[in-house]
Each structure stands twice: as structure tokens, then as C-alpha cells.
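Student: Can you keep this structure in mind? I'll have questions shortly.
The values are calculated or read from the model by the stated rules, or taken from the named source; none is laboratory data. All figures in this text were calculated on a predicted structure; none of them were measured in a lab. Here the Cβ positions follow ideal geometry from the backbone for every residue, glycine too, while neighbour counts run over all protein chains shown. With ligands, DNA and RNA removed, areas are computed over all heavy atoms of the protein, side chains included. Shrake-Rupley method; radii C 1.70, N 1.55, O 1.52, S 1.80 Å.
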Amino acid sequence: MKTDSAFLELQDNAPRVRVWFDGQPLDLPAGANLAAALLAAGVRVFRHTPVSGAPRAPFCMMGACFECLVETGGGVRQACMLEVEEGMKISRPHEAEAGDATL
């Protein structure tokens, strides 16, 4: 999936697998860093803070900041610490707490 994202994929011809982010299908490079692949696919908001509802997205890309939290595999995990796998179901955590936060 090509987007107008400012983030570019390093290997444009990498084999792709289908994942779902908030119910939307995305074809991402198999084995790529999940946070980087989502950014390159045009995902700008990974979650909203439970307190203020402020949008958050990856910052450090090395597991220190926890800004890239997503819900997948039955738990909340850091997207920057995961690899893209076929069939992943990914969603924004804490969406119920964020209430009417805007994207």
C-alpha cells in the first residue's frame, strides 16, 4: 500500500503479508519492524493517552518510550519491538478510555 507518508520503506520489493490495523487491511513487508511498517503505510496515530486522549505515535523506535503501544495477540505491546507477521490483528489500545478523542 503506497501512501503519502514521509516515512519510506527501505526495501520496496520485500514480500508482503496482510495484517489488519483497526479493521483496515494493510499489506506490510513480512518480517519488518511493525512500528516502521505502520508508519510507512501511513498510520499516524498508534494510540491515545488514557488520561487526555492525546494522540501518540512511535518516538524512539528502540523500546524505551512506550509511545508505540498497540494491542495485538491478546495484549498491549510495543510495536517497535515486534515484527510484521501474516494475519496480525492490531488495534489501538485504550480506545474506550479515550472516549471521543479525534484522530
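Student: If amide hydrogens are placed 1.01 Å from N in the peptide plane, which non-local residues have theirs closer than 5 Å to the one on VAL17?
Tutor: Amide H neighbours of VAL17: LEU28, ALA30.
Student: Turning to a different aspect of this structure: In the chain, carbon and sulfur make up what percent of the accessible area (probe 1.4 Å)? Mind dumping the intermediate values first?
Tutor: Details: 3280 of 6000 Å².
Whole-percent figure for carbon plus sulfur exposure: 55.
Student: When the expected Rg is taken as 2.2 N^0.38 Å, what fraction or multiple of it is the alpha-carbon Rg of the range 19-86? Walk me through the numbers on the way to the answer.
Tutor: Working: Rg = 11.3 Å, N = 68, 2.2 N^0.38 = 10.9 Å.
Taking N as the residue count of the range 19-86, the ratio is 1.04.
Student: Just subtract the alpha-carbon distance of VAL76 and SER52 from 0.36 nm times their residue separation and send over the number in nm, one decimal. Kindly include the intermediate steps, with their values, before the conclusion.
Tutor: Details: separation 24, 0.36 × 24 = 8.64 nm, distance 1.88 nm.
Stretched out fully, the VAL76 to SER52 stretch lengthens by 6.8 nm.
Student: Ordered by residue, what ³J(HN,Hα) values in Hz, to whole numbers, does the range 58-64 give under the Karplus form 6.51 cos²θ - 1.76 cosθ + 1.60, where θ = phi - 60° and Gly and Pro are x?
Tutor: Result, ordered by residue: x, 10, 8, 6, 9, x, 9 Hz.
Student: Something else about it: In terms of modelled amide H atoms, which long-range or inter-chain residues lie less than 5 Å from the amide H of LEU69?
Tutor: HN-HN under 5 Å from LEU69: ALA79.
Student: With a point put 7 Å past each Cα toward its Cβ, work out how far ALA30 is from LYS89 in nm, to one decimal.
Tutor: 2.2 nm
Student: Counting heavy atoms of the protein chains only and a 1.4 Å probe, report the per residue accessible area for the chain as a whole number of Å².
Tutor: Details: 6000 Å² over 103 residues.
Value for the chain: 58 Å² per residue.
Student: Could you work out [θ]222 nm for the chain from helices alone, using -39500 (n - 2.57) per DSSP H run of at least four and dividing by all its residues? Round to the nearest 500 deg cm²/dmol.
Tutor: Details: 2 runs with 11 residues, N = 103.
Result for the chain: -2000 deg cm²/dmol, rounded to the nearest 500.
Student: In sequence order, what are the phi-derived ³J(HN,Hα) couplings for the range 66-83 according to the Karplus relation 6.51 cos²θ - 1.76 cosθ + 1.60 with θ = phi - 60°, rounded to whole Hz, with x for glycine and proline?
Tutor: 6, 7, 9, 4, 9, 9, 7, x, x, x, 8, 9, 7, 4, 6, 9, 10, 9
Student: Given a Förster radius of 25 Å and the C-beta distance between CYS60 and SER5 as r, what FRET efficiency does 1/(1 + (r/R0)^6) yield to the nearest 0.05?
Tutor: Details: r = 19 Å, r/R0 = 0.76.
So the FRET efficiency works out to roughly 0.85.
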